[in-house]
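Written out below as structure tokens is the structure these notes cover.
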Ligand code: DX5
Ligand code: ZN
């Protein structure tokens, strides 16, 4: 068995009964809780924001993995830290001064991660990888839960893993979008460390068991 982490995304949770779903995650083998913040500009959808994350930090012990699908994420580093994020993920495509943002995230006491859209080559990370705690590879186009897994992501994970090993780094690889038992297994074999799963967990009859299965891959 691998030592990969599972980060369920609450994007597919029941927002009318969020406390119940978060308590379920707390009682599961989930390692982190993945929070998808969308601004309707960087992605064609709007999800939830700081007041929701702020409330969640008091009802869960799980580390919060905050994925910002927003333009100018550098504006919100301190706010993301304040609402209790463990990891702050910013999109490569949204940051003009990526190195500066990464420094600020770490200075604010969070783990720093860069997210790549499906079309963004990992080669662009060559000169920043050593500064990162994690890279989040999107295996769908960001904006919605429940989309189809983009198969090319497997090759991207292997290539990124190779780059990390070659540089003798311990950067984690997280993958997000369309993950189920089949795609999850292939991603882990390719070198993924953290699997995000939204729809697959929350649309299943027994989410705790589903998380257990993902964890046991
Ligand atoms: C997509 C989000 C994902 C999404 C994953 O924009 O970043 O985290 O919730 O959901 P599934 O597992 O449903 O593809
Ligand atoms: Zn996400």
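Annotations
- Residue check, residue 193 closer than 28 Å to residue 42 by Cα, in contact with a strand residue (DSSP E or B) (Cβ under 7 Å, 6 or more places away or on another chain) and buried (at least 21 other Cβ atoms within 10 Å of the Cβ): yes
- Single residue of 136, 98, 129, 125 found to be within 21 Å of residue 42 (Cβ to Cβ) and touching a residue at least 40 places away in the same chain (Cβ under 8 Å): 136
- Odd one out for residue 71, checked against (1) surrounded by fewer than 21 Cβ atoms within 10 Å (Cβ to Cβ); (2) in contact with a helix residue (DSSP H, G or I) (Cβ under 6 Å, 6 or more places away or on another chain); (3) assigned to a helix (DSSP H, G or I): (3)
- Annotation note: Cβ proximity below 7 Å between a residue of segment 192-217 that is free of Cβ contacts under 8 Å to residues at least 40 places away in the same chain and more than 12 Å from residue 9 (Cα to Cα) and a residue that is part of a helix (DSSP H, G or I) and within 16 Å of ligand 2 (Cβ to nearest atom) (sequence gap 6+ or interchain) occurs for 210/200; 210/201.
- Screening segment 196-217 for residues that are more than 16 Å from ligand 2 (Cβ to nearest atom), closer than 18 Å to residue 145 by Cα and surrounded by 15 or more Cβ atoms within 10 Å (Cβ to Cβ) and picking the one that is farthest from the chain's Cα centre (by Cα) gives 204.
Every read-out reported here was derived from the displayed coordinates using simple, explicitly stated rules and does not represent laboratory data. All of these numbers come straight from a predicted model, not from anything done at the bench. All Cβ positions, even for glycine, are placed from backbone atoms using ideal geometry, and neighbour counts span all protein chains on display.
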